[in-house]
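Have a look at the structure below, then the notes.
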Amino acid sequence: MRRFIISTAVIMCLANFSFAQGPIQQKAGQKDMPASGMMGMHGMMGGEHTSMYGMMIHHLLMKANNLELTDEQKKELSKINEMYLYPIVQKDADFKISHIKVMDMLHDPNFDPLKVKEEIKNSNDISLAMADLYVNGLVSIRKTIGLENFKKIMAPMPMMPAQMMKMESKEQGSPEKQE
């Protein structure tokens, strides 16, 4: 049951993020292409997960700072921002720029397929570099705080009963919305 609730929460968060992307892209002057088309291409290029890498590292660092760590461990954790988090965020920006370039190229009916493929390869290389940084960041955190502490920060946070009731009411639909 717990896994179901956690899975449902993750899916709801990702769905909210996906729906939020449509209005943002349309505000950016891309009104001639439907938001669903943009998300489809974005998903094909692996962009749905790229922003998650930095957020996960940041979240784990915040959780790790709540542990009882030695001064040396805290010092090592503070280096992770420079070594992994900031480069991930920079590469995420580069990825998004590359994605925009691909979309701009595709707006031209006479686009050069080789240039489009080259830019898509560039996007994929950036995505792979971010994934590598993410994994290396996780390894560095685990090495710094130890396996038992790493298990603690990787464990999903327990939901409060009020949060669970809100999720259930959203799934079932509130009475006033059903009328």
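The values are calculated or read from the model by the stated rules, or taken from the named source; none is laboratory data. Note that the coordinates shown come from a computational prediction; the quantities given were computed from them, not determined experimentally. Reconstructed Cβ throughout: ideal geometry from the backbone, glycine too, with neighbour counts over all protein chains shown. SASA here: full protein model, heavy atoms, side chains in, ligands and nucleic acids out. Shrake-Rupley method; radii C 1.70, N 1.55, O 1.52, S 1.80 Å.
For region 61-88, give me the residue count where each residue is within 23 Å of ALA155 (Cβ to Cβ) and among the acidic types (Asp, Glu).
2
Can you pull out the residues in region 93-126 that are in a helix (DSSP H, G or I) and hydrophobic (A, V, I, L, M, F, W, C)?
ALA93, PHE95, ILE97, ILE100, VAL102, MET103, MET105, LEU106, LEU114, VAL116, ILE120, ILE126
Under the condition of being open to solvent by less than 70 Å² (accessible area, probe 1.4 Å) and of a type in the set (Val, Ile, Thr), which residue from region 84-124 is nearest to VAL135 (Cα to Cα)?
That would be ILE88.
I'm trying to understand the selection: among the residues of region 116-136, which are small (Gly, Ala, Ser) and under 15 Å from the mean Cα position of the chain (by Cα)?
SER127, ALA129, ALA131 - these are the residues of region 116-136 that are small (Gly, Ala, Ser) and under 15 Å from the mean Cα position of the chain (by Cα).
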